[in-house]
Amino acid sequence: MTLHTGRHFLQIPGPSTVPDRVLRAMDMPVLDHRGPEFQALGREVLAGCRTVFKTSGPVVIYPASGTGAWEAAIVNTLSPGDTVLMVETGHFASLWKAMAEKLGIEVEFFATDWRRGVDAAEIEARLAEDKGHRFKAVMVVHNETSTGVTSDIAAVRRAIDRASHPALLMVDTISSLGSVDYRHEEWGVDVTVSGSQKGLMLPPGLSFNAISDKALAASRQGKLPRSYWRWDEMLAPNAQGFFPYTPATTLLYGLREALKMLQEEGLEHVFARHRRHGEATRRAVRAWGLEVLAVNEAEQSPVLTGVLMPDGHDADQLREVILAKLDMSLGQGLGKLKGRIFRIGHLGHFNDLMLAGTLAGVEMGLALGNVPHQAGGIAAALGYLKESLIGA
C-alpha cells in the first residue's frame with residue numbers, strides 16, 4: 001500500500017477543493033429551521049445567490065445534486081409530449097437529454113464531435129423553420145464539464161430573438177457558476193441550473209434554479225408531475241427566509257461563507273483569475289506537444305482543460321500512475337472520450353502555486369507513464385503567470 005504525506009491534490013473539474021473557511025463555517029450545531037436564526041440565514045443566502053446568478057428574480061435552492069436541478073427545470077415548465085431543442089456538446093448535455101426523454105419530452109439533438117460549443121446560427125435556422133412553435137425550450141450547457149468547452153449563451157439568446165421564437169432558454173451552469181462570467185437576467189435566460197460543488201466551493205448537496213418571469217408563467221401551465229420540485233411551494237416560504245421541508249442547514253452555513261468569499265474577491269476578479277489559470281494550463285499542454293480538446297480558442301474553458309492523449313496511450317492508465325505515485329486526482333474521459341483524454345481542473349479555491357503543483361504533477365506523470373511528450377510545460381505556464389503578475 002502506498003502511503004502519502006501532505007495534502008491530496010484534487011484536480012478533477014469538481015467537486016473542487018473546499019476552503020478551510022467554508023469547512024469551519026459548516027462546523028456548527030444544527031439549528032431550528034423554523035426559528036428566527038435560520039430565517040436570517042435563509043434570507044441572506046437567497047439574496048446572495050441572486051448576486052452570483054446576476055438576477056433580480058428568484059433563485060430556488062434544493063437539497064440535491066445538479067441532476068435534481070435539471071429535473072426541476074424540466075418538470076416545472078414543460079408538459080408530456082413537448083419538444084425541445086438541445087445540442088450534444090458533451091457527456092452532460094447527453095445526460096440532460098436522456099433525462100428529458102425519460103420524463104416524456106421529445107428532444108431534437110444537434111450532434112457535435114464534443115470539441116466545439118453551441119452553434120447559435122444553427123439554432124437560429126432551426127427555430128426560424130419552426131413556424132408552428134413546436135419547440136417549447138432550447139436547452140444548452142454553458143460549460144461542458146466533460147470536454148472543457150464553454151458556449152456563448154448571449155449568442156444563443158440573440159439567435160432565439162432573431163428567429164422571433166417564444167421558446168424558453170434553459171442553461172446548465174453547474175461547472176461555470178462562480179467561475180465564468182454568467183448573466184442570467186441580462187442574457188435573457190429563463191431557467192439557469194447549477195450546483196454547489198464547483199465554483200461555489202462547497203461539498204456536493206445543493207442545487208439551484210434561477211427563474212425568469214416567463215418561466216414562472218410557464219410553470220403555471222406545465223403538466224408534468226411534480227411534488228418535491230415544485231417552484232410555487234418553494235417560493236412562498238422562501239419569501240420569508242424559510243423552506244417547505246427540512247433544508248440542508250449546515251450546507252447553507254457553508255454557502256453563506258462561500259458567497260462572502262466571492263464578494264470579497266469580487267466576481268470580476270474571480271472570473272479573471274480563472275481565465276488566467278486556464279490560459280497558463282493550455283500553454284503547458286502545448287509545450288508538452290499535446291493537444292487541447294477544445295479546438296476553438298474563444299470556447300476554451302477557464303474551469304478545466306481536456307487533454308488528448310497521443311495515439312496508442314490510455315488516459316486512464318496515466319491517471320492511475322499519477323494517483324498512485326503523486327497522490328493527485330485528474331478527471332477521466334467520459335462517454336465516448338473514455339481513455340482518450342484526461343481533464344485538469346483549475347477552478348474554485350485555487351491559486352498560482354496550486355496550479356504550479358498541479359502541472360508539475362502532470363509533467364512528472366507523463367514521464368513516469370512513458371507518454372511521449374516534450375519537457376517545458378511547467379516553465380511555459382510559470383512564465384505566463386509571472387509575466388501577468390508584473391505591474392498587476
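The values are calculated or read from the model by the stated rules, or taken from the named source; none is laboratory data. Keep in mind that what you see is a predicted model, and the values were worked out from it rather than measured. Note that each Cβ is placed from the backbone with ideal geometry, even for glycine, and that neighbours are counted across all protein chains shown. Just the protein is used for accessible areas: all its heavy atoms, side chains included, with ligands, DNA and RNA removed. Shrake-Rupley method; radii C 1.70, N 1.55, O 1.52, S 1.80 Å.
Assuming a viscosity of 0.692 mPa s and a temperature of 37 °C, what translational diffusion coefficient in µm² per second does Stokes-Einstein assign to the stretch 142-293, Rh being the Kirkwood radius over Cα pairs? Could you put the intermediate results ahead of the total?
Working: Rh = 17.8 Å.
Once the numbers are plugged in, D ends up at 184 µm²/s.
Over the stretch 182-226, calculate the relative contact order: mean separation of alpha carbon pairs under 8 Å at least 6 apart, over the residue count, as a percent. Don't skip to the answer; put the middle values down first.
Numbers: 42 pairs, mean separation 15.2, N = 45.
Rounded, it is 34 percent for the stretch 182-226.
Over the chain, what percent of the accessible surface lies on carbon and sulfur atoms, probe 1.4 Å?
Numbers: 8550 of 16020 Å².
In the chain, the share of accessible area belonging to carbon and sulfur is 53 percent.
With loop defined by DSSP as not H, G, I, E or B, and exposure as at most 15 other Cβ atoms within 10 Å, which is the longest segment of the chain clear of exposed GluC sites (Glu not before Pro)?
Values: sites that count: 185, 186.
No qualifying site falls inside 187-392, the longest such stretch.
Just how large is the dipole of the stretch 197-247 about the Cα centre, in debye to the nearest 20, putting +1 at every Lys and Arg Cβ and -1 at every Asp and Glu Cβ? Spell out each step's value before the answer.
Working: 6 positive and 3 negative charges, 39 e Å.
Here the size comes out at about 180 debye.
Let me cross-check residue 56: its accessible surface, 1.4 Å probe, with only protein heavy atoms counted, in Å² to the nearest 10?
Around 90 Å² of this residue is reachable by solvent.
Can you give me the angle between helix 36-53 and the longest principal axis of the chain, using Cα atoms only, in degrees from 0 to 90, rounded to the nearest 10?
It is inclined by approximately 70 degrees.
Rule-of-thumb check for the stretch 297-392: C-alpha Rg over 2.2 N^0.38 Å? Please report the intermediate quantities before stating the final value.
Numbers: Rg = 13.9 Å, N = 96, 2.2 N^0.38 = 12.5 Å.
So the Cα radius of gyration is 1.12 times the expected 2.2 N^0.38 Å.
Give the angle, between 0 and 90 degrees and rounded to the nearest 10, that separates the Cα long axis of helix 249-265 from the longest principal axis of the Cα atoms of the chain.
Rounded to the nearest ten degrees, it is 70.
Tell me which of 52, 121, 76 sits at the most positive position along the dipole axis of the stretch 48-165, charges placed on C-beta atoms (Lys, Arg +1; Asp, Glu -1).
Ranked along the dipole, the leading option is 52.
At 1.4 Å probe radius, can you tell me the per residue accessible area of the chain in Å²? Don't skip to the end; give the middle numbers.
Numbers: 16020 Å² over 392 residues.
On a per-residue basis, the chain sits at 41 Å².
May I have the extent of the alpha carbons of the stretch 94-177 along their three principal axes, as whole Å values ordered from largest to smallest?
Principal-axis extents of the stretch 94-177 (Cα, largest first): 34, 29, 24 Å.
Give the percent of DSSP beta bridges with both residues in the stretch 159-257 that are antiparallel, rounded to the nearest 5.
Working: 5 of 8 bridges.
Rounded to the nearest five, the antiparallel share is 60 percent.
Quick one: in the stretch 175-260, what % of C-alpha pairs are over 16 Å apart? Working shown, then result.
Numbers: 2261 of 3655 pairs.
Of all Cα-Cα distances in the stretch 175-260, 62 percent exceed 16 Å.
Which Rg and Dmax, in Å, describe the Cα atoms of the stretch 46-88?
Cα only, the stretch 46-88: 13.1, 36 Å (Rg, Dmax).
Distances longer than 24 Å among the Cα atoms of the stretch 136-229: what percent of all pairs is that? Display every interim value, and only then the final one.
Working: 1032 of 4371 pairs.
Above the 24 Å cut-off, the stretch 136-229 has 24 percent of its Cα pairs.
With N set to the number of residues, divide the alpha-carbon radius of gyration of the stretch 271-339 by 2.2 N^0.38 Å and report two decimals. Can you show the working numbers first?
Details: Rg = 12.7 Å, N = 69, 2.2 N^0.38 = 11.0 Å.
Normalised Cα radius of gyration, the stretch 271-339: 1.16.
What percent of all Cα-Cα pairs in the stretch 169-213 falls into each 10 Å bin, going from 0 up to the bin containing the maximum distance?
31, 54, 15, 0
Kirkwood hydrodynamic radius for the stretch 1-127: how many Å is it when counted over pairs of different Cα atoms? Could you put the intermediate results ahead of the total?
Values: mean 1/r = 0.0528 Å⁻¹.
Result for the stretch 1-127 stands at 19.0 Å.
I'd like the orientation of helix 91-102 relative to the chain: the angle between its Cα long axis and the longest Cα principal axis, in ° from 0 to 90, rounded to 10.
Approximately 30 degrees, to the nearest 10.
Evaluate the Debye formula for the stretch 69-224 with equal point scatterers sitting on the alpha carbons, no solvent, and hand back log10 of I(q)/I(0) at q = 0.09, 0.20 Å⁻¹, in q order, two decimals.
-0.25, -1.38
Eigenvalues of the Cα gyration tensor times 5, then square-rooted: what semi-axes does that give for the stretch 17-71, in whole angstrom, largest first? Working shown, then result.
Details: eigenvalues 85, 56, 37 Å².
After scaling each eigenvalue by five and taking roots: 21, 17, 14 Å.
So what's the back-of-envelope 222 nm ellipticity for the chain, counting only DSSP H runs of four-plus at -39500 (n - 2.57) apiece and dividing by all residues, rounded to 500?
Values: 13 runs with 164 residues, N = 392.
Estimated from H runs of four or more residues: -13000 deg cm²/dmol.
From the residues 209, 14, 167, which one has its Cα farthest along the dipole of the chain in the positive direction, the dipole being from +1 and -1 charges on Cβ of Lys/Arg and Asp/Glu about the Cα centre?
209
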